[in-house]
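Scroll down for the structure; my scribbles are underneath it.
The values are calculated or read from the model by the stated rules, or taken from the named source; none is laboratory data. Remember, predicted model here, so these are calculated numbers, not experimental data. Reconstructed Cβ throughout: ideal geometry from the backbone, glycine too, with neighbour counts over all protein chains shown. All accessible areas refer to the heavy atoms of the entire protein, side chains included, with ligands and DNA or RNA removed. Shrake-Rupley method; radii C 1.70, N 1.55, O 1.52, S 1.80 Å.
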Amino acid sequence: MKRVDYHEPTTLEEAVQLMTRYPDTASFFAGGTDLLVELREQTRRADHVVNLKRIPDLGMLTFDPRAGVHCGALVTVRTLENAPFIRAHYAGLWQAARELASIPVRERATLAGNVCRASPSADTLPPLIADQAVAHVYGPAGRRDVTLEDFFLGPGRTVLSHEEVLTGFSIPAPEPGTGKSYIKHGRRKAMELATVGVAVTLTLDGDSVRDLRIVLGAVAPTPIRAPEAEQVLIGKRPEPALIEQAAEAAIAGSRPISDVRSSADYRRRMVGVQTRRALQQALEAAR
Amino acid sequence: MKRMITVTINGEEQELAVEPYRSLLDTLRVEAGLTGSKKGCNVGDCGACTVILDGRPVNSCLVLAAEVDNCDVRTIEGLQHAPDRVHALQDNFMQYGAAQCGFCTPGILIMGKALLDENPDPTEDEIRFALAGNICRCTGYTKIIEAIRHTARQLAEERQGVES
């Protein structure tokens, strides 16, 4: 690996000062599972890495039935996968976590890193958006909150400025009658990047759908909501014909590219298939 | 500039001088002279460099040595109980013929140990799930999985023997 200077700040202030001191040439370093690969393969240039792991309290993961989840920036994907309350109340995120890379990678990789890397195919992003997660950000101008839905600008690009650090997330508690799902469509079962990812968070009121968010991954420059598909079902009884219609609407709303993993046309077809299945899974869980 | 780190490797505390951008894998292989952990892909895809860091399995190519100051690392060299007494996993890998070229074997043994520490009685699916990040290009997975299953049964019998 090319030589880099290594910094270990112990406070957020110090971390932000380091980023300010080295405009353009410093990178935050949390899990490192993307960063070290990019530095080694020279797809990212950095003369300074700023390791966040010595900053206290960024590794907290808590759940409260009313307040929901708080997840610090250093919480690993493996910790989420092993947390019983993530499995019980955030099934989409749990499914995404356990399908990301391998166990040794998940032991290091952080949820915050997966978010800041902003890959269009990243597994954890669709369920976080479907669950209305909020990112907590600290920077030279102080603290601010950004919803995950508004966080991504393009492949590898987010609303964070160079100096800003993502300190953690809040994810609201699910309302009663809520079911969630995430389906990753790939060419193999493990160590895969999603060809298409679909996350659904759905709340039933009696027999009809009161609230619904469908989020598609890997079919646009960022993860995207499928609002037309959501509107097909909101306020209605989720009959099979309507689910089919929602899946068709999701296809119409996706804008995939062709790449080494799949053609755009195949991706569109799989958006239809997996949106239907993700809706069915979430419905089953909600009932 | 090199940094001094203190790290416990296979139960032995060592002080090592490392460049901050050096991976734990290179440090183990070069500075510590432990070449059992293999460099397959160097990007976290193959699992041949898997070690146990503070009780958790990690790809040592994706960890910087500078990060492991005051940490505990267990490598394949530390798996066996004594020079003449191999771990049950190692014994069963030999019995089952679970190694062909052998390059992936250290990483798979370490991942197998990490799995059995967490889940002493894994199903075949659970073993396959745990080994998803360990690639064997001789593709001898069946025997690897059988060897791990058998080890789990053996260790369970030993535990029962101790209890009764």
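Test A:Thr203 against the stated conditions and say whether it is in a loop (DSSP other than H, G, I, E, B), open to solvent by less than 60 Å² (accessible area, probe 1.4 Å) and modelled with pLDDT of 95 or more. Considered against the rule, which asks whether it is in a loop (DSSP other than H, G, I, E, B), open to solvent by less than 60 Å² (accessible area, probe 1.4 Å) and modelled with pLDDT of 95 or more, A:Thr203 comes out as no. Entry remark, the range A:10-32: residues being part of a loop (DSSP other than H, G, I, E, B) and within 11 Å of A:His162 (Cα to Cα) number 4 in total.
A:Leu58 satisfies every condition listed in (1) within 14 Å of chain B (Cβ to nearest Cβ); (2) touching a strand residue (DSSP E or B) at 6+ places or on another chain (Cβ under 9 Å) except (1).
The set of residues from the range B:27-55 being open to solvent by 10 Å² or more (accessible area, probe 1.4 Å), under 12 Å from B:Thr75 (Cα atoms) and either within 12 Å of another protein chain (Cβ to nearest Cβ) or polar (S, T, N, Q) (or both) comprises B:Thr35, B:Ile52, B:Leu53, B:Asp54, B:Gly55. Each residue in the range A:77-126 was checked for being within 17 Å of B:Ala132 (Cα to Cα) and of a type in the set (A, V, I, L, M), and 8 of them qualify.
Scanning the range B:109-164 for residues that are out of contact with any Lys or Arg (no Cβ under 9 Å at 6 or more places or on another chain), under 16 Å from A:Glu107 (Cα atoms) and of a type in the set (A, V, I, L, M, F, W, C) yields B:Met111, B:Leu115, B:Ala130, B:Leu131. Tell me, yes or no, whether the range A:98-112 has at least one residue that is over 26 Å from A:Thr11 (Cβ atoms), away from every other protein chain (no Cβ under 14 Å) and open to solvent by less than 50 Å² (accessible area, probe 1.4 Å). No. Taking the range B:82-144 and the helices (runs of 4 or more DSSP H) fully enclosed by it, the elements with 3 or more residues that are within 14 Å of another protein chain (Cβ to nearest Cβ) and either under 15 Å from B:Gly36 (Cα atoms) or at pLDDT below 95 (or both) are at B:105-118. Once the range A:1-30 is narrowed to residues that are polar (S, T, N, Q) and closer than 22 Å to A:Leu111 by Cα, the residue that is most open to solvent (accessible area, probe 1.4 Å) is A:Thr10.
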